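In what follows, a single structure is set out as structure tokens and then discussed.
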Amino acid sequence: MSRGKLRMVADVCGDCGASEPQWGSLSRGLLLCDECCSVHRSLGPHVSRVRHLHKASWAPAQLSMVHSLHTSGANAIWEHQLLEPGKAAGRRKPSARDSLHPVKSEFIRAKHQNLAFVHRVAKEGEQPTQEDLSKQLHASVRTANLETSLRLLAQGALPSHLHPDKGSTALHVAARSGQACQVELLLVYGADPTAKDSQGMTPADCARDAGHLDLEARLIESQYEVTDRLAHHLSGRNPEHHLGQHFILPEMADCLDLSAHARAAKQKLQSLPERLFVELARDLYDEVDRRECEAVWLGANLDRQAVPFLPVSPELSSTRNQARQKLARLTAREFATLLIDVLSEAKRRHVGTKQPVTEDQRLSDDEPLYDSVASDEDNNISRQLWQRMNELQREHAAMRLDLEAMQATLVQARHSNRGASSPQAQRSPRPQSMCEWRHLAGATPRTGVHELRSRHGASSPSRGEHEDNGTFSSLPTYQEVLAQTEHITRCIHKLLACAQDGNRDAFLPCTQNILQAVLGMSSLFGGQTTGAVSTALARLVGNAHQLQWWATSGLDGGQLIQGAYEVAKGAKELVQAYPASPACAQ
């Protein structure tokens, strides 16, 4: 691309061509004008996370990554079919003069939410597997070619994939090669900065060994991005990680709520399982992001639609989506109180404190010894926090029931399909009218204490779209999928039994058996999946890899049980997404 074209691309919005864009999309690698940014914000951070180029806080390499992708023509990844002759019939990219609604908004939703214009392999058998894409990503991040890496991530490459031969992830390779922008891109898409390679080294260790000290500092900082963002929102300061200071607890005495309801709510916060506590912190991270963008938006007096609460993410449960939206109802004081409590609890879990900090320890000698009377506003804070804790615990209980219900579901499905058609008929394609393709670009599910400190990343966009007849012609039968799912379930139950008995020596072999069973499921499909099936299978494989990493890292049985629940949940989603009886759908 010539310098003239680079300059022209850099000066225009990636969606409509308007001049002087003021916003950047981290996950899409584009610069955006005010109008197009308003639509991106309404889609939610699981689709496109946007920040103001001049009024938001950016890591230097992060901003450089967005500019590099935009100027190198990364927009062609999201508009591939519009640029190919014969494939753009009836589709036109809007101009800056077109109306926001419905012209620009409908185009942006099709482009970024539905991924309607990305490249798709039309011929059967030419679709690369996720394993192949991840290996290509592993090689791509050695160079400064960001566009190739983004294309592979858009096609489904896993940013935290452990290379079977090299024994490292793409983040390890980028860190050792000193590719700061590649590191930022991988982090945006959910790469784990705490993952260890076959030598037991983290990406930060690799950067230090290669002499890239600035990159090492950035990777250490990324491990604490969630808590750093919460603290910066409250105090405007960031921890000094290079000095060993990883948490900042702002001193905001006027925000402390000492009522009985608040103390009870804090106790429930301390008793939250690790996975739910991480989810709560992530939701607060997204709400902080929304509030800060909204402040810039309103401060500039932009005549565009506001985003009063977090948009619904189809990858999250309805309970969690509702709880996320309720965060917007908290006043600034109520929200600050919740952030301080979460930061305090995160620090307690990080340092391994057994006893929570008491309220008496928080009070200074200058404060009165008598109890204060809680105001209506204080009680409102307590009720909001109490309600959020109850919602999280109900969701956790439902998750536990999923594992037991899964076996019953499989048995029932097997009985109901005993009289199904022959294997040849079961392999026949499902009619397009019955396919429930979904276009998702959500956050990669990751749990554990270190995940709270690590990046709130977005997963690779799925490639769901109607396929030609014969898509399922070489796929396994529903009975084969059921049989392999039962094998996964048996392996999970063995791990749960060992965890309950405290048999730590069996943790790693059990997780390896689970991973092998999941990879066996993946091999049944042979990279031929699309849509909801592809999304469910990718999530299942990712959760199984993560579970084995946890066991290798020596995490305790409680955390491994939570990881096993995620694998079981992924297997259940795959069974539900797979066409059970194609003949019945005709």
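We did not get these values from a lab; they are worked out from the coordinates using the rules stated. Treat the numbers as computed from the prediction; the structure is a model and nothing was measured. All Cβ positions, glycine included, derive from the backbone under ideal geometry; neighbour counts span all protein chains shown.
Numbers for the structure displayed
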| read-out | value |
| --- | --- |
| Set 93/196; 347/569; 196/326 screened for pairs whose C-alpha atoms are more than 32 Å apart | 93/196; 196/326 |
| Where Rh is the Kirkwood radius over Cα pairs, Rg/Rh for segment 130-223 | 0.93 |
| Convex hull volume of segment 47-95 per residue (C-alpha atoms, cubic angstrom) | 115 Å³ |
| Ranked 202, 169, 331, criterion: other C-beta atoms within 10 Å, fewest first | 331, 202, 169 |
| In sequence order, calculated HN-Hα J values of segment 236-247 (Karplus, 6.51, -1.76, 1.60; Hz; x Gly/Pro) | x, 10, 10, x, 8, 5, 5, 9, x, 8, 9, 9 |
| Hz values of 3J(HN,Hα) by residue in segment 492-501 - Karplus curve (6.51, -1.76, 1.60), Gly and Pro given as x | 5, 5, 5, 5, 4, 5, 5, 5, 5, 7 |
| Per-residue ³J(HN,Hα) for segment 568-574, Karplus 6.51 cos²θ - 1.76 cosθ + 1.60, θ = phi - 60°, Hz, x for Gly and Pro | 4, 5, x, 5, 5, 4, 5 |
| Packing-based order for 153-159, 514-520, 529-535, using average beta carbon neighbours within 10 Å, highest first | 153-159, 529-535, 514-520 |
| For residue 30, distant residues with modelled amide H under 5 Å away | 25 |
| Packing-based ranking, highest mean first, of 312-322, 109-119, 23-33, 42-52 given that Cβ atoms within 10 Å are counted | 23-33, 42-52, 109-119, 312-322 |
